[in-house]
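The values are calculated or read from the model by the stated rules, or taken from the named source; none is laboratory data. All of these numbers come straight from a predicted model, not from anything done at the bench. Here the Cβ is made from the backbone with ideal geometry for all residues, glycine too, and neighbour counts use every protein chain on show. To get the accessible areas, we keep the full protein, side chains included, count just its heavy atoms, and leave off ligands, DNA and RNA. Shrake-Rupley method; radii C 1.70, N 1.55, O 1.52, S 1.80 Å.
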Amino acid sequence: MKKIQIATVTLILKADYSINSCPLQTQWRRFHALSAYNQQKKANLTLQCLWRARVARKELRKLRMAARETGALKEAKDKLEKRVEELTWRLDFEKHLRIDLEEAKGQEIAKLQNALHEMQGQLDEAHATITHEKEAAKIAIEQAPPVIKEVPVVDNTKVEQLTNQNQELEGEVRELKKRMQEFEQKYSDVQTESRARLKEVEESQLRATQLQEAIERLELNLTNLESENQVLRQQALAASTSEDLSEEMEIVKSKITTLQSENEFLRNQKVIVEQITSPEQVSPQMKNLDNGHEIYHGCPTEDEYQATKVEQQTTKESGPLGSLLTKQRSLTDRQQENHDVLIKCLMEDKKFDKSRPVAACIVYKALLQWRSFEAEKTHVFDRIIHTIRSSIESQENIKDLAYWLSTTATLVFLLQSTIKASNAPAASQRNRTSPATLFGRMAQGFRASSISMGTSSGYSGMDGKPDTRSKIEAKYPALLFKQHLTACVEKIYGMIRDSLKKEISQLLNLCIQAPRSARVRQIRGSSKSIHSNIVAKQQASSIHWQSIVNSLDHTLGILSENYVPSIITRKIFSQIFSFINVQLFNSLLLRRECCSFSNGEYVKAGLQELEQWCIRATDQFAGSSWEELQHIRQAVGFLVLHQKPHKSLEEITNELCTVLSIPQIYRIGTMFWDDKYGTQGLSPEVIGKMRALMAEDSINLPNNSFLLDVDSSIPFTMEEISRSFPDISLSDVEPPALLRQRSDFHFLLQSTD
């Protein structure tokens, strides 16, 4: 029984366990399946999103490419439309010309046919009269008595005389032909001889140039020796009692006399030397700088080697004289240091004192004090020009360009009023009458050194006060320095003008055509809102013209702040207004949509703003800028003119459009369309007259174009600027602190006229 009870209990427990475990398993399987489903669903959604994003990116890329292609196609379409429009205009013009020519040919053919009929009638009448005359002659011959003919006797003597004369003339012709052949042979011989002699002359010129170069090298060495021997001679005169020094001086004299004899031997050779100034024929061993300096390249010659050797021996042997040579070297170092300080002042001290650029006045006074304008060779001019060029090179800031324009123009004016060209014949005469011996020239140079030491280097320390009342006879470096400054003024002027043109040209394309009025949606509101919308549209349409006026005001303010001469300012704005005139007028002639009545009113309103700017700027700065807009002003006046059909060609050319040519008036008249009132343009009679005049002009001037050209020249000369430049007083120019601290520049504190 116990076993049965145990079995039954176990069976009951198993049944209860099975009944309780089935719902749990069902719930677990359900949860597991649901979580797996959610994960699969999430993964599918992620993959779908990624795939859609990839497809969308591809579509976006395709749309961007299509947009670029459509933009390029639109630009090409606009260009083609402009080209087609111009070609259609030319085709219409050619058609009209061809029709006129055909009409003229038809009239000429009719005239010729009438003349032919008249000639035919006259010919028939002439034939009739001839037949009548023949019949009358036959009748007269039949009725006339018989005639007895006489046989003339021929005289052969005259015929023989004529034949003899003819033979004599033929003989003379043969002799003349022989002489001509002889002359031609002689001419060819002379020509060959002249060519040979020309070759010999060229070879001799080449040799002469080589000899001249050798002479110049020797002269350069001698000048260096002379400058050093001046100091040696002074020391020798001071210590003439010393026997050792006298022996050393005699050695130096003997060596210098040998060099002098060689130099005189080269000078006395009878050689004709042509000075060739073109840069292609410069010797490959020598390169001339802008101010006359010479830099030798390649191996030194024997004369240079001897001169260097003498200089070295002189330096070694003149031990007690080393102090004087050290003095001269210190003078050169001080000169170089002063040049560096002057260049630093030119670069850093960018200020004005009573409308005068301080740097220009300081540089001028320093060059005048150092007598650099009278120097044969100096490096300071090259350094100043290099500093200015490096400062304006690739410079886009108009303020810096305006400062350098004012500074260089002031320097050119000061040079123009101070220096004059040197008298070359007088200088050459002085060179020819110089002392023959080297020590004679050294003595003369020693006497001249009391007046101005270091003249050859362009520096004289603090000796003396320059006389600025009379003009200085400038040497070649100073004249070349003036030319380089003039070139800098012209270059800076062109950079400022082109910068302003570039800024304005972007706005001119928007100023030639009135903006299209957008369709206004019907919105409920008061009349004030409608009026405000109209005012906003008018302001938006004139914003481009206002931007041009703001650019002009900005440039004028910068030029005035930097005290640029008023004549240069006037020339800049005159060329800018000329550029505006050319751009607007050419766009008006090439685009038919611009030749409307409303567009003429829009451009006229913009031109009135430019006129107001010219009035505000006054004639001192604007000058004749308003007169440069004559073409576009007259063209716009023609567009807004009422009663065009009633105007004759004489009234248009003599009263309305006096500056415009016939092709320009014809172009505007044929492209005009009134989009505001619907009126007609010019009458067919006036257009026919203009077409006939254009046909005549096309025969005389086949390349006559109706478009204007931009003037990019330099419209002034430095003489004009100098004449209009105000007087500059240099007496009260305050030097910068950097120069006041140096004793070599104390002359700037002195009052000068």
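For the reader, a short list of remarks on this structure follows.
- Enumeration of residues in the stretch 665-691 that are open to solvent by less than 50 Å² (accessible area, probe 1.4 Å), touching a residue at least 40 places away in the same chain (Cβ under 8 Å) and more than 21 Å from Leu87 (Cβ to Cβ): Asp674
- Within the stretch 600-655, tally of residues that are β-branched (Val, Ile, Thr) and crowded, with 21+ Cβ neighbours inside 10 Å: 4
- Among (1) exposed (fewer than 14 other Cβ atoms within 10 Å of the Cβ); (2) under 36 Å from the mean Cα position of the chain (by Cα); (3) closer than 30 Å to Ser355 by Cα, the one test that Phe716 misses: (1)
- Elements of type helices (runs of 4 or more DSSP H) in the stretch 323-417, at least 1 residues being surrounded by fewer than 17 Cβ atoms within 10 Å (Cβ to Cβ) and under 27 Å from the mean Cα position of the chain (by Cα): 380-392, 398-416
- Leu13 assigned to a helix (DSSP H, G or I), open to solvent by 100 Å² or more (accessible area, probe 1.4 Å), at pLDDT below 85 and among the hydrophobic types (A, V, I, L, M, F, W, C): yes
- Options Leu738, Leu748: the member that is open to solvent by 50 Å² or more (accessible area, probe 1.4 Å), within 17 Å of Pro357 (Cβ to Cβ) and among the hydrophobic types (A, V, I, L, M, F, W, C): Leu738
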